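Report on the structure given below.
Please treat every number below as a calculation from the coordinates, not as lab data. This is a predicted model, so every value here is computed, not measured. Every residue, glycine among them, receives a Cβ derived from its backbone with ideal geometry; neighbour counts consider all protein chains shown.
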Amino acid sequence: MSNISIRDFWIYRNLIFGFLLSLSFVLVALLSYVWTPFDVTQIDIANKLKTPNQIYWLGTDHFGRDILSMIMVGARTSIAVALVAVGIGIIIGTPLGLLSASKKGGWLDELIMRGNDLVFAFPSLVIAILITAVFGAGALNAIIAIGIFNIPVFARITRGAALTIWEREFILAAKVAGKSTTRISYEHILPNVMNLLIVQGTIQFSLGILAEAGLSYVGLGAQPPMPSWGRMLADAQTMVSFAPHLAIIPGTAIILTVLGLNLMGDGLRDIFDPKLRNSRS
């Protein structure tokens with residue numbers, strides 16, 4: 001029995017490690033709503049640039065703010081922005097992909113896919129910066145900017161998977177039974193592509209955190225006094241030589257969060273794809 005458990009653990013190691021790593025940051029973000037060691041808006045110049053110690057576990061920044069508290073609140077900001085942006089991509093992109101697949105070869109299919117190609121033709125981060133620069137910096141506009149580029153990703157993934165399913169026998173039987181293409185798409189196609197959407201969702205989630213950090217780094221994400229990991233990196237860039245912990249700590253938080261999500265996505269792909277699971281076992 002123990003051999004089976006160890007074997008299963010080894011097969012699903014990416015999912016387990018990724019889930020635990022991601023869960024730790026989610027719990028930290030949730031905890032920040034009810035408790036942080038210090039007030040992130042409180043400035044204490046007398047204790048600025050402190051290295052990690054018994055009072056300030058991760059040290060303080062150039063304003064004397066507790067870095068641990070800022071990391072906790074920053075996790076809330078990054079996760080919320082990425083989560084809503086991915087939600088926008090799934091809610092809008094998935095129906096577009098299903099619609100495109102159901103109208104394969106038609107003008108509506110061409111319109112949707114050429115629209116996707118148009119969005120993909122531009123560098124995502126550059127356009128996100130342009131959108132936030134035009135409509136104003138802030139977390140809401142960052143969500144919209146990142147969400148726009150998630151839409152064609154999920155539309156393309158959904159369409160590609162749906163096209164193969166439309167040729168299956170049970171779909172042909174549903175057509176003979178008189179079901180409409182819309183009903184077939186949501187009753188039969190969508191459940192069969194959900195595994196791909198879940199895997200892609202974790203990948204886009206990690207990319208959303210990177211995008212939010214990038215926007216905050218250039219001052220177009222969450223605005224002060226709300227802490228953000230990207231903003232913390234931007235503030236630290238001129239002080240790395242004498243206070244490296246200011247950059248190392250938020251940089252490590254970004255790396256670990258993205259790593260956890262990528263590992264979890266890899267593990268989910270192993271579960272949903274029997275060929276990959278068997279090859280790794």
Spatially close lysines, pair count over the range 2-280: Cα under 23 Å, gap of eight or more or interchain:
4
For the chain, alpha-carbon Rg and Dmax in angstrom
22.3, 77
Give me the one-decimal nm value for the distance between modelled label points at Thr41 and Ala80, 7 Å along each residue's Cα-to-Cβ direction.
1.3
Highest mean first, what order results for 119-130, 80-91, 51-62 on Cβ atoms within 10 Å?
80-91, 51-62, 119-130
Compare the Cα positions of Ala139, Ala101, Leu68 along the charge dipole of the chain (+1 at Cβ of Lys, Arg; -1 at Cβ of Asp, Glu; about the Cα centre) and return the one farthest towards the positive end.
Ala101
Calculated [θ] (222 nm, deg cm²/dmol) that DSSP helices of n ≥ 4 give over the chain, each run adding -39,500 (n - 2.57):
-24000 deg cm²/dmol
Could you work out how far the C-alpha centroid of the range 205-264 sits from that of the range 152-185, in angstrom?
41
Mean-square fluctuation check for the chain, GNM, Cα pairs under 10 Å: which of Leu118, Leu30, Leu96 is largest?
Leu118
